[in-house]
1. What do you get for Rg/Rh over the range A:1-108 if you use C-alpha atoms and the Kirkwood form of Rh?
2. Calculate the dipole size of the range B:2-306 relative to its Cα centre from +1 charges on Lys and Arg beta carbons and -1 charges on Asp and Glu beta carbons; express the result in debye to the nearest 20.
3. In units of 2.2 N^0.38 Å, what is the alpha-carbon radius of gyration of the range A:3-207?
4. If the only charges are +1 at each Lys and Arg Cβ and -1 at each Asp and Glu Cβ, what is the size of the charge dipole of the range A:3-207 around the Cα centre, to the nearest 20 debye?
5. Set Lys and Arg Cβ to +1 and Asp and Glu Cβ to -1, take the dipole of the range A:3-207 about its Cα centre, and tell me which of A:74, A:5, A:173 lies farthest positive.
6. Which residues' amide hydrogens lie under 5 Å from the amide hydrogen of residue B:87, considering only partners 5 or more residues apart or on another chain, with H built in the peptide plane?
7. Points 7 angstrom from Cα along the Cβ direction at residue B:251 and residue A:187: gap in nanometres?
8. Could you work out the Rg to Rh ratio of the range B:2-306, with Rh taken as the Kirkwood radius (inverse of the mean 1/r over all Cα pairs)?
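What follows is calculated from the coordinates using simple rules that are stated; it is not laboratory data. Note that this is a predicted model, so its numbers are computed, not measured. Don't worry about glycine lacking a Cβ; one is built from the backbone with ideal geometry, like all the others, and counts go over all protein chains shown.
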Amino acid sequence: MTLPLDTILVTVILTCFLIMGTTRLLTAIRISAIQGICIGLLPVAASGAHTSIRVALLGLVIIVLKGFAFPRLLKRAIRESSTSTEMMPFVGSTASIVTGILALIVAFWIDSRMEFLPGSHSLVAPVAFFTIITGLFMIVARKLAITQVVGYLILENGIYVFGLAIALEVPIIVELGVLLDMFVAVFVMGIAIFRINREFNHMDSDQLRNLKG
Amino acid sequence: MNALRILPILSGLLLAPLLLGIVNRTKARFGGRRGQPLLQAYFDLLKLLHKGAVYSRTTTWIFRAGPSIGLAATLVALTLIPIGRGAPSAMHFTGDLFLLAYCLGLVRFFTVLAALDTGSAFEGMGASREVQFSALAEPALLIALAALARLSGHLSLSDITASIGVTSWEVAGPALALIALALFVVFLSENSRIPVDDPNTHLELTMIHEVMILDHSGPDLAFIEYGAALKFWILGSLVVNVGISGLGGGTWVSIAAFFAGMFGLAVGVGVVESTMARYRLLKVPRMLWVAVALSVLSFTLIGRFTA
């Protein structure tokens with residue numbers, strides 16, 4: 001009964017490790033798309049046999065947005081700004097994976113300290129913490145602006161999974177509102193990155209500390 | 001019952017070089033060649049055993065003792081390996097999985113010492129790489145074994161393989177799949193297979209295992225080659241034992257699945273070697289860290305699943 005749910009959650013963890021380990025921008029975007037599809041399948045798998053049409057519809061919207069729309073927007077931003085396909089990390093990929101192992105342990109430790117959570121499923125909350133930490137790490141430890149958008153998407157995935165740990169049945173209007181916000185955010189960030197790139201000929205956030213006059 | 005007890009050792013001793021033949025055949029098929037005979041590894045061993053050994057004057061007794069100690073330690077490790085749920089290993093006791101890991105460590109230690117004993121800079125380089133990579137592969141192996149022990153509640157390889165079954169896969173299926181994957185990466189790395197090292201190259205600056213044994217000849221080389229084949233069998237059987245544990249059935253089904261799994265694994269290694277390129281040396285530690293991550297993950301997951 002919980003086997004499909006466990007498998008999806010473990011796949012989410014694996015995608016986090018892969019994103020931390022990869023050095024290529026396009027691979028990272030592709031993996032984040034896979035993670036988005038997993039996140040979309042999650043509420044369906046969690047409710048099991050008695051899946052309502054609302055939940056199925058919500059899953060479908062998430063899959064379309066996170067699995068297909070966002071990656072396409074990000075890929076277009078890369079293509080139009082014709083940046084390099086390397087990530088340019090502050091923290092190298094091997095060190096990132098080691099950080100990931102530590103983050104995993106921290107996530108499970110945090111979960112063991114939070115006993116007030118309703119124990120809907122013993123894996124959902126730690127996976128949520130781990131995904132959130134991964135997203136924050138990707139925002140902090142990578143230079144390119146695009147990677148920070150990917151980190152933001154992963155962070156949001158983690159927050160969504162955490163919401164699943166607290167309450168399975170979030171009103172669909174709230175979820176759709178959040179998704180719309182994200183869509184606009186990614187859209188705006190894509191445009192902003194394009195503008196930054198046209199103005200400065202790079203999108204290395206490390207060099208964006210001086211004003212250009 | 002007695003026949004079943006010696007089956008794991010006997011099959012390992014007899015069939016280990018055959019697996020290398022299967023790997024080479026698979027690679028030849030991919031390359032459009034017919035390939036060497038399946039039994040070529042046996043012929044090579046016989047040929048080497050008939051030859052005399054040549055020793056450099058700069059080497060000491062360590063160089064001569066290395067291959068024998070290595071083969072002896074590998075043989076001890078082989079006695080600990082069970083075959084599926086069907087045949088327990090010839091020797092098993094609580095905690096024998098540590099003996100397995102450290103026997104393999106002893107083999108590596110003496111191979112490295114013998115390589116350093118020659119005083120060749122080239123062999124020292126190979127030794128340094130071998131130690132670097134196995135320092136990462138060993139934690140992955142031990143944590144994966146610890147995860148299996150945690151799942152089954154036993155500390156002996158035979159008891160672990162005997163108690164992990166269909167229900168374990170229902171409870172902790174994803175974790176077991178991750179363990180099998182981590183063990184497979186360790187298996188490729190420890191046997192100097194392709195993403196880590198290319199067993200076919202002999203004059204390249206990137207090789208690891210082959211460079212360490214360049215100065216061995218005759219029976220010593222035969223010992224090392226046979227030991228390497230046995231190591232392939234031992235680590236492969238760990239992967240296969242986890243992989244087939246989800247199958248139901250009795251003793252003979254399990255044994256048949258084990259042998260099918262071993263030959264399938266050899267074909268799989270051949271496919272990996274034909275379709276992948278060797279990683280840059282800098283990328284290998286990353287792959288091994290991923291294996292460590294998989295082991296740690298499966299260990300924590302099993303804690304959750306069984307709680």
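1. Values: Rg = 16.1 Å, Rh = 15.3 Å.
On the Cα set of the range A:1-108, Rg over Rh gives 1.05.
2. Working: 21 positive and 17 negative charges, 104 e Å.
Rounded to the nearest 20 debye, it is 500 debye.
3. Details: Rg = 16.9 Å, N = 205, 2.2 N^0.38 = 16.6 Å.
Ratio of Cα Rg to 2.2 N^0.38 Å: 1.02.
4. Working: 13 positive and 12 negative charges, 121 e Å.
Computed about the Cα centre, the dipole is about 580 debye.
5. A:74
6. Result for residue B:87 returns nothing.
7. Placing both labels 7 Å beyond Cα along the Cβ direction yields 7.0 nm.
8. On the way: Rg = 18.9 Å, Rh = 19.7 Å.
We get a ratio of 0.96 for the range B:2-306.
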